[in-house]
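Below is one structure, written out as structure tokens, with a few remarks after it.
The values are calculated or read from the model by the stated rules, or taken from the named source; none is laboratory data. Computed from a predicted model, the values in this text were never measured in an experiment. Because the Cβ atoms are built from the backbone with ideal geometry, glycine has one as well, and the counts that use them run over all protein chains shown.
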Amino acid sequence: MIIDLHMHSKKSDGVLSAKKIIELAKIKNVYMMSITDHDSISCQKEASSLAQKNGINYISGVELNVTFIDDRYNRKKPIFLDFLGYCFDVENSRLVNKLKKMAQYRQKRALKILIKLNTEFKKNQIQELTMEDLANIKSSVDGVLGRPHIADYLVKKEIVKDRKEAFEKYLVKCDVPKYPLYLKDAAKLVRNAGGKIILAHPNDSYGTSLIKLTTVLDEQTKIINESILQFIDGIECWHPRNNKKTTQHYVKYAKEHGLIMTGGSDCHQKPIRIGTVHVPSYVASQFLK
């Protein structure tokens, strides 16, 4: 049984449409899936309908970026954590309106990032980006605008060779704070829409995780106990960047606290790895009750 509850379409920073993702999931015999676009649920109705036609169990999904502060570790300086929302009403007006507001903020943030980029380009005698470039970036986006779209444009302009270089050389340094969505509000947003909220990839080496505060797994779960647990319904225990120790630690923690356990490939279709992370069959039963 193949389960993949974490992937992204072109409505956020994935490459493929929901239709193409469902087609690939069908070919790979996926049993249960969810597309979890960043701050966007615009593909959910289409994905659910297509999955049903193809005999795939589908649950609504979204990935929210949350501003998180823990005074003991980062002295009031926020870090960002990702939380997955599942099984919510895709027509819930509060959720829909909040995501629209966040999408509008992303547009403003992109302009601020470009201004910072131009400062760096000027230092390195690289031609600065114009409002026309910003318009071109926006026109390339089918959903919500994010830094990966800017990175792809820098590749297209031959300023960098790939997304990785774009982030390492420019976009990390030129970042602008994301929309200030706090955990309490994110939890309320998802739960009031009838959904469940899940802490995503808590030990992700890429950094959108508790690893920004501590690399020690026991310390991470201590933070969850004290500052996160009351706001979540589950934890993502299986992820492509997890090692065996991380997965075992979080499965044990989830079972001890009666939390939902989820997992997925976090596939953005570069490369296509839908269904490549082994997620135990009992995960599906949590959503089929």
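Values for this structure:
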{"item": "Flag for residue 167 being in a loop (DSSP other than H, G, I, E, B) and within 30 Å of residue 189 (Cβ to Cβ)", "result": "no"}
{"item": "Strands (runs of 3 or more DSSP E) wholly inside the range 1-82 containing at least 1 residues that are in contact with a strand residue (DSSP E or B) (Cβ under 7 Å, 6 or more places away or on another chain) and acidic (Asp, Glu)", "result": "2-4, 61-68"}
{"item": "Qualifying residues in the range 180-203 (those that are surrounded by fewer than 19 Cβ atoms within 10 Å (Cβ to Cβ) and touching a Ser or Thr at 6+ places or on another chain (Cβ under 9 Å)) - the one modelled with the lowest pLDDT", "result": "180"}
{"item": "Qualifying residue in the range 242-260 (condition: within 18 Å of residue 22 (Cβ to Cβ) and at pLDDT 95 or above)", "result": "no"}
{"item": "Residue list for the range 240-289, restricted to those being small (Gly, Ala, Ser), touching a Leu at 6+ places or on another chain (Cβ under 8 Å) and either in a strand (DSSP E or B) or free of Cβ contacts under 8 Å to residues at least 40 places away in the same chain (or both)", "result": "263"}
{"item": "Residue in the range 158-167 that is under 23 Å from residue 77 (Cα atoms), of a type in the set (Phe, Trp, Tyr) and at pLDDT 95 or above present", "result": "no"}
{"item": "Where residue 127 falls short, out of the listed (1) free of Cβ contacts under 8 Å to residues at least 60 places away in the same chain; (2) part of a helix (DSSP H, G or I); (3) polar (S, T, N, Q)", "result": "(2)"}
{"item": "Per-region count, the range 1-33, residues within 15 Å of residue 278 (Cα to Cα) and under 20 Å from the mean Cα position of the chain (by Cα)", "result": "8"}
{"item": "Qualifying residue in the range 148-158 (condition: surrounded by fewer than 16 Cβ atoms within 10 Å (Cβ to Cβ) and touching a Phe, Trp or Tyr at 6+ places or on another chain (Cβ under 6 Å))", "result": "no"}
{"item": "Residue among 197, 137 that alone is assigned by TED's automatic domain parsing to the domain that holds residue 85 and either out of contact with any Lys or Arg (no Cβ under 8 Å at 6 or more places or on another chain) or of a type in the set (A, V, I, L, M) (or both)", "result": "197"}
{"item": "Selection from the range 126-181 of residues that are under 20 Å from the mean Cα position of the chain (by Cα) and either over 26 Å from residue 63 (Cα atoms) or hydroxyl-bearing (Ser, Thr, Tyr) (or both)", "result": "140, 179"}
